Amino acid sequence: MAEAAILEQCRLHPEGIPDQDLAQKISHIPVNDRAQAINSLLSSRKLQIYKDGDTIVYRMVMQEEAVKFRGLASEDLLVYQIIQQSGNSGIWTKELKQRSNLAQAQITKIFKSLESRKLIKAVKSVSQQNRKVYMLYELEPSREITGGAWYTEHEYDAEFINVLREQCEKFIVGQGKVTLDQVSDFVKKTKLSHVELGKEEVLQIVNTLVYDGKVDQFDEHEKGEGDADDAKGDGDVGNDERDYGDGEKVTYYVPAAYPVPEKSAFTSVPCGVCPVFNECRPGGLISPETCVYMEEWLGLGMDPVDS
């Protein structure tokens, strides 16, 4: 009776039911009977227990899941549950070892068993290439692990980012004045990305254009109801077309009024990027007179100085 009542409540709460809620739902069952029923269901792999913060949660093991867990030892289930609690951020071996108190050799063996059943998977972290984290097989790794849209096969995809930058810049220049929503819709409609990009990623791209001086941004306040262009009623709205009323603030992006050139005479001077600049002096071993890079930059056409 107790086991059936517990499973019924878990069936009504497929995502899991907290221990306190379960106790209230089956308060008619004595505490000892309830504890024995829970232990029996856990032993028979019909019930799963895990912690959500400081709350103990029970979840019924579905039939298809029960097949995957059949034959696993208690240590295997312990490792599985610890990995489950880590979510899509995953957990690395050292932390799992500390939480499970199992030997490294035993953990490695359990990993192989759980991976072969497709219960867990190992994922490489872009921030630490030599570290693998483990998570449930069906989960998508978090962006902190994969690097998000800017990484392909754990490698920074500079070419993809450059294409996005170029196309977003062309769109802004062509439209003259756009919002982030419009740029985001443009990226989606043109299918520039092989993965779905949210507004956050599109904003990162647009911000790089702002930082590089290719695009300007400014804020305007939308007019509220009853607002008029001529607040004084004298027909003069002034030279500034922007409305700074009490409406919602909207950020707009426009072509840069004063674009920053990618190259100039100052930025192309070899001295600006010379790694031995501090050692260079007239008459010295490293000097302007003998600098082949300076000769090339000046276009003197002189033969390289013999070393």
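The values are calculated or read from the model by the stated rules, or taken from the named source; none is laboratory data. Source: prediction; values computed, not measured. Virtual Cβ from ideal backbone geometry, glycine too; neighbours counted across all protein chains shown. In case anyone asks, the SASA skips ligands and DNA or RNA and just uses the protein heavy atoms, side chains included. Shrake-Rupley method; radii C 1.70, N 1.55, O 1.52, S 1.80 Å.
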Check each of the GluC sites (Glu not before Pro) in segment 151-191 and keep only those in coil by DSSP with at most 11 other C-beta atoms within 10 angstrom; list them in order. Glu153
Heavy-atom accessible surface of the chain: percent carbon and sulfur, 1.4 Å: 50 percent
Accessible area of Phe218 in the full protein assembly, 1.4 Å probe (Å², nearest 10): 30 Å²
Contact order normalised by residue count of segment 71-146, Cα under 8 Å, 6+ apart, percent: 36 percent
Residue-count net charge about Asp76 - beta-carbon cut-off 12 Å; Lys, Arg +1, Asp, Glu -1: +4
Where q = 0.08, 0.09 Å⁻¹, what log10 of I(q)/I(0) comes from the Debye formula for the chain, counting one point per Cα? -0.73, -0.82
Given a 1.4 Å probe, the accessible area of the chain per residue, as a whole number of Å², is 67 Å²
Rotationally averaged projected area of segment 2-67 (alpha carbon convex hull; nm²): 4.2 nm²
Local electrostatic count at Ser125 - Lys and Arg +1, Asp and Glu -1, tallied over other residues with Cβ under 12 Å: +3
Percentage relative contact order, the chain, counting C-alpha pairs under 8 Å, at least six apart: 9 percent
